[in-house]
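The values are calculated or read from the model by the stated rules, or taken from the named source; none is laboratory data. None of the values given here were measured: they were computed from a predicted structure. Because the Cβ atoms are built from the backbone with ideal geometry, glycine has one as well, and the counts that use them run over all protein chains shown.
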Amino acid sequence: MASSTRSALGGRDVPALPLPERRARTHIRRFGRLTPWVFLAPFLVFFVAFVLGPAVFGVWVSLHDWDFNLPNKPFVGIENYVNLFTPGSRDFEEFWQSMANTATFVVISVPFLVVLPLGVALLLNRAFPGRTVYRAVFFAPYVLSVSVIGLLWRYLLDTHLGPVNAALGFLGLPDDIPWLQSQPAAWISIVVATVWWTLGFNAIILLAGLQNISPEQYEASALDGANARQQFRYVTLPGLRPVLVFVFLITVLASANLFGQSYVITQGGPSGSTQTAIMYISSTGLASFRMGAAAAMSYLLALFLVVVSLVNIAITARGGRGKRA
C-alpha cells in the first residue's frame, strides 16, 4: 500500500511520490549543477585547445630563442621583448615601421568604414521598392575571400592593363598612374579595396541598430518641430550609440590586423611602405623561423590593441554619462 504524507494545506493526506520518482528527483538535485557544464563542455574543449592553450604556449615561446633551425630552444627571458625597444637591434627598425604602417591604415580606413556604412544603412532603412535586393548587393562582396578581393583589385589597378587606368584615359585623364608602385596611391588602393569589401558588413550591423529605434521617437520629435537633421542628431545617433561603439571597435581591431589585402595587392611595397605589423610578424616567424621574436611582437601588438579598445570604451562611457547628466 502506498504511504501518504500530511499536506500543510488543510491537513489533508497526500499520497507520497513513488519510489522511482523520488530517486529521480534526488538524482537531479545531486547532479543538476553539473548539467550546464555538460552542455558547455564541447565549447570549453575547443576553447582550451585552440584559444587558451595556444595563447599560454605563445607566451612560453616568446621567452625562448625559439628558432626552428636550432636543435635547442634556449630560455632568454624577456630578451625578445627588450630587443623590440632597443635601437639597433635586428627587429627594432622594421617592426616599428610596420607598426607605423598599420597605424596609418587604421587612421585612414576606420572613418570611411564607419561613416560610409552609416550612410548606406540610413538609405537602406527607408521603404522603397527592391530594398531587400540592395541590401544583398551591398553585403555580397563580404562573402568573398581576401585572396579573391586582392587579385580582383590587383587586376583593376594594374598600371598598364587595369580597367581603372583605361577608364581614366577614356575621360582624358592620366592613364599611367602606378597605383600599386607609388605612395600615396598604394594606400589609397588598399583602403578603397577594403572599404568596398567590408562596407556591407558594417552597414548591416548598423541597419539592425536603426531598426531597433522606436518609430514613436521620430513621431514625437516631428510633432515638436524637429527637422531631419535634428532627428538624426538627437534621436538616431543616441539610439545608435551602442551599435556605433561596437562597429568602431571591431573595425579598429580588424584594420589593425590588416594582412591579406596588403600582401596580395601591393605585397608590402613600395619599399615596405605597406608592410603591416602582421606581415612582418608572419615573415619573422614563418620565413625566418624565429618564432620567439615573432611571438613577442604578437603580444606587444595585442597589448596596444587592448589599450586602444579600453581607452575608446572609457571615452565613450564618459561621454554617455555626460549627456545623461
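Based on what the data block shows, is Phe95 part of a helix (DSSP H, G or I) and out of contact with any Phe, Trp or Tyr (no Cβ under 7 Å at 6 or more places or on another chain)?
no
For segment 222-232, what are the residues that are surrounded by 10 or more Cβ atoms within 10 Å (Cβ to Cβ) and within 22 Å of Leu244 (Cα to Cα)?
Ala228, Gln230, Gln231, Phe232
Mind checking which pairs have a first residue in segment 223-242 that is in contact (Cβ under 8 Å) with a residue 24 or more places away in the chain and a second that is in a helix (DSSP H, G or I) and surrounded by fewer than 15 Cβ atoms within 10 Å (Cβ to Cβ), Cβ under 7 Å, 6 or more apart or different chains?
Pairs that qualify, where the first residue is in contact (Cβ under 8 Å) with a residue 24 or more places away in the chain and the partner is in a helix (DSSP H, G or I) and surrounded by fewer than 15 Cβ atoms within 10 Å (Cβ to Cβ), are Arg241/Gly320.
Which one is surrounded by the fewest Cβ atoms within 10 Å (Cβ to Cβ), of the residues in segment 139-172 that are closer than 15 Å to Ile188 by Cβ and of a type in the set (A, V, I, L, M, F, W, C)?
For segment 139-172, the residue satisfying everything is Leu168.
Can you tell me which of Phe289, Phe232 is among the aromatic types (Phe, Trp, Tyr), under 23 Å from Asp67 (Cβ atoms) and assigned by TED's automatic domain parsing to the domain that holds Asn202? Spell out the reasoning first.
Numbers: Phe232 fails: under 23 Å from Asp67 (Cβ atoms).
After ruling out the rest, the residue left standing is Phe289.
Return the residue satisfying two criteria in turn: it lies in segment 52-86 and is free of Cβ contacts under 8 Å to residues at least 60 places away in the same chain, of a type outside the set (Val, Ile, Thr) and in a helix (DSSP H, G or I), and of such residues it is nearest to Ala293 (Cα to Cα).
So, considering only residues that are free of Cβ contacts under 8 Å to residues at least 60 places away in the same chain, of a type outside the set (Val, Ile, Thr) and in a helix (DSSP H, G or I), the one nearest to Ala293 (Cα to Cα) is Glu79.
Counting only residues that are hydroxyl-bearing (Ser, Thr, Tyr) and more than 19 Å from the chain's Cα centre (by Cα), which one in segment 283-321 is modelled with the lowest pLDDT?
Ser288
Only one of these is assigned by TED's automatic domain parsing to the domain that holds Met99, among the hydroxyl-bearing types (Ser, Thr, Tyr) and outside any helix (DSSP H, G or I): Thr284, Thr316, Thr274. Name it. Please lay out each step first, then the result.
On the way: Thr284 fails: outside any helix (DSSP H, G or I); Thr316 fails: outside any helix (DSSP H, G or I).
After ruling out the rest, the residue left standing is Thr274.
Test of understanding: among Ala185, Ala127, Ala121, Ala208, which residue is farther than 18 Å from Val252 by Cα and touching a Phe, Trp or Tyr at 6+ places or on another chain (Cβ under 6 Å)?
Ala185
Quick one: in segment 249-271, of everything that is under 24 Å from the mean Cα position of the chain (by Cα) and assigned to a loop (DSSP other than H, G, I, E, B), which residue is surrounded by the most Cβ atoms within 10 Å (Cβ to Cβ)?
Here the answer is Leu258.
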